[in-house]
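The values are calculated or read from the model by the stated rules, or taken from the named source; none is laboratory data. Bear in mind the structure is a predicted one, so any value in this text is a computation, not a measurement. Methodologically, a virtual Cβ is constructed for each residue, glycine included, from the backbone with ideal geometry; neighbour enumeration extends over all protein chains shown. Protein only, heavy atoms only, side chains kept; ligands, DNA and RNA dropped before computing areas. Shrake-Rupley method; radii C 1.70, N 1.55, O 1.52, S 1.80 Å.
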Amino acid sequence: MQTYQHWINGAYVEPASGTWLDTIDPYRGDAWAKVPRGNAQDAARAVDAATRAMESGPWSKMTATERGKIMRRIGDLTVQYAERLAQVETRDNGKLSAEMQGQLKTIPEYWYYYGGLADKIEGAVMPVEEHDVLAYTTHEPVGVVAALTAWNSPLQFLALKCAPALAAGCAVVVKPSEFASASSLEFAALTKEAGLPDGVLNVVTGLGAEIGAALVEHPGVAKISFTGSDVTGTRIYETAARSMKRVSMELGGKSPNIVFEDADLEAAAIGVMSGIFGAAGQMCIAGSRLLVQNSIKAAFTERLIDIAHGIKLGDPMHPETNVGPIATPPQFQKVLHYIDVAKAEGARCILGGKPAVGTGLTGGQFVEPTIFTDVTNNMRIAQEEVFGPVLSIIGFDDEQKAVALANDVVYGLVAGVWTEDMARAVRMTKTLKTGTVWVNTYRTYSFMMPFGGMKKSGMGRENGIEAVYEYLETKSVFLSVASAPANPFVQR
Ligand code: NAD
């Protein structure tokens, strides 16, 4: 069994506690590696290393162009080590190997994109009303960043946070989920090979309530970039407020996939499937509510069931597997619990609804692709995030009702709209209260396009140029060129 160490100040180091956590392969159901159980001492060590890197290390003296070059080398090395990183992550969280191959084509692009952006972060000279003042803005790194990430795509989250943070000139301490830390720990070493100075990117592991909380409370951390549940996010936000730390939050969702009678129904059915059964529904963007026009509801539901019958559950390493296991034992229990809740609330289970068993599934925590109908939007199954392969179907008569249903949740991450009527599509993009609206597509994503949530789905944006400003402070400079002193009693 492999035993990992924290990555602090450019080296692997043992946890101060001298203890490790087992990390479980969710397909085989056995422990395959150990990751350090970090504590407040480890958090402090990593924050100190990051602070030194930012304040006095080589990173602090580099030009933005030099920083960008190192970041692009990190992109190159991610390409070189892609296969190994993909294997580790699949082993750790059960994400399909096929999906990891795709993610590892995109992850290097973050490093290239933000590496390229590093020396294009420009201030502005303002034509202020005073003639004898030169007024301009600069952007400075916000400080040490704590990046806390969820278990469903740790390497991607690391890139989403660290690439813009490093472009901004920050140093980062990453704390991946205790359920899937190995890929982040392996990735860390390649940043050194790329020439990243020691202490700029640290990875520490352990429980959220221990080392995670210690990072959030550490006075040396200026910014918290969090991806996880809204419950944890709220707690972190409250703690961060006490010391006015900056936060960005990528939280959960209860996203609607809205299908109108005039849609290309075959494309819509595929989109709905990918939105809820892709990654076994363990996606913040899961389209867990299907809002479908009543005129086509019965036929469309039949079509979904037909397609769902063809889904292959199995070994995530196998190229023909469509749906892998649920990544963690608590998540497995949570999904099954919500299935019970839905049944008790009166929703009708028309597909699945129980753990999947059979050849090739032993040892794994599999849930059958599950569909509920007769769901009303006020049921818990329509309001609360399940984070599993469970779809709730709700009918609507007209566009107005569809929008009302779509927006009637505390979340606002993404929405899908399926219609051939482009005027309606444009209207919907304006009225849906979500950070992303997909029209006639679902799960489309780009490192160039801002991503983030409205309402309880979070705050701030990742991806695109916007993300770099999450890691910058704007400074205003007034430089007097006046020849005579100013009147001290009158504001200029
Ligand atoms: P989680 O909130 O349990 O944990 C997220 C991270 O926070 C982990 O690293 C965990 O160790 C840490 N943590 C937990 N308690 C903490 C505390 N008190 N202080 C500091 N850190 C703490 O979430 P999860 O179960 O790992 O992930 C699933 C959730 O993530 C879902 O709600 C999902 O929607 C959300 N998510 C959101 C996005 C997005 O981009 N919006 C993407 C993926 C996942």
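Over the range 256-439, what relative contact order in percent results from Cα pairs under 8 Å that are six or more residues apart?
Relative contact order for the range 256-439 comes out at 28 percent.
Hey, how many Å between the Cα centroid of the range 413-492 and the Cα centroid of the range 180-217?
The distance from the Cα centre of the range 413-492 to that of the range 180-217 comes to 28 Å.
Where the centroid of each part is defined by its Cα atoms, how far is the range 244-291 from the range 1-65 in Å?
33 Å
Report, in order of residue number, the helices in the chain meeting two criteria: a C-alpha extent of 20 Å or more along the helix axis, and a mean Kyte-Doolittle hydropathy of at least 0.0; treat each whole DSSP H run as one helix.
For the chain, where a helix must reach 20 Å along its axis and average at least 0.0, the hits are 154-168.
Relative contact order of the chain: what whole-number percent is it, with Cα pairs under 8 angstrom and at least 6 residues apart?
Reported relative contact order: 18 percent.
So, taking all protein chains as they sit and a 1.4 Å probe, how much accessible area belongs to ARG28, in Å² rounded to tens?
110 Å²
In deg cm²/dmol, rounded to 500, what helix-only [θ] at 222 nm does the chain give when every DSSP H run of at least 4 residues adds -39500 (n - 2.57) and the total is split over its residues?
Taken over the chain, the calculation gives -11500 deg cm²/dmol.
Given the Cα-Cα distance of GLU384 and TYR445 and 0.36 nm per residue of separation, how much length would full extension add, in nm?
Extra length from GLU384 to TYR445 when fully extended: 19.6 nm.
Determine the gain in length on full extension of the stretch THR376-ARG28; use 0.36 nm per residue of separation and subtract their C-alpha separation, reporting nm with one decimal.
In short, 121.6 nm is gained.
Quick one: how many Å² of MET54 are accessible to a 1.4 Å probe, rounded to 10?
40 Å²
Using a Förster distance of 56 Å, how high is the FRET efficiency between ARG52 and ALA299, based on the Cβ-Cβ distance and rounded to 0.05?
0.30
Relative to the present Cα-Cα distance, how much length would full extension add between ARG84 and ASP262 at 0.36 nm per residue of separation?
Roughly 59.6 nm would be gained on extension.
Would you mind computing, in nm to one decimal, how far apart the modelled labels at ASP119 and THR63 are, each placed 7 Å from Cα along Cα→Cβ?
0.5 nm
How large is the accessible surface of VAL125 in square angstrom, using a 1.4 angstrom probe and rounding to the nearest 10?
110 Å²
Could you check what % of the DSSP bridge pairs in the range 256-439 are antiparallel, to the nearest 5?
So the antiparallel bridges in the range 256-439 amount to around 15 percent.
Once you list every other residue whose beta carbon is under 10 Å from the beta carbon of THR23, what net charge do they have if Lys and Arg are +1 and Asp and Glu are -1?
Charge balance near THR23 sits at -2.
For the chain, rounded, prolate or oblate, judged on the Cα gyration tensor with a ≥ b ≥ c (square roots of eigenvalues), a/c < 1.5 rounded, else prolate if a/b > b/c?
Note, shape of the chain comes out oblate.
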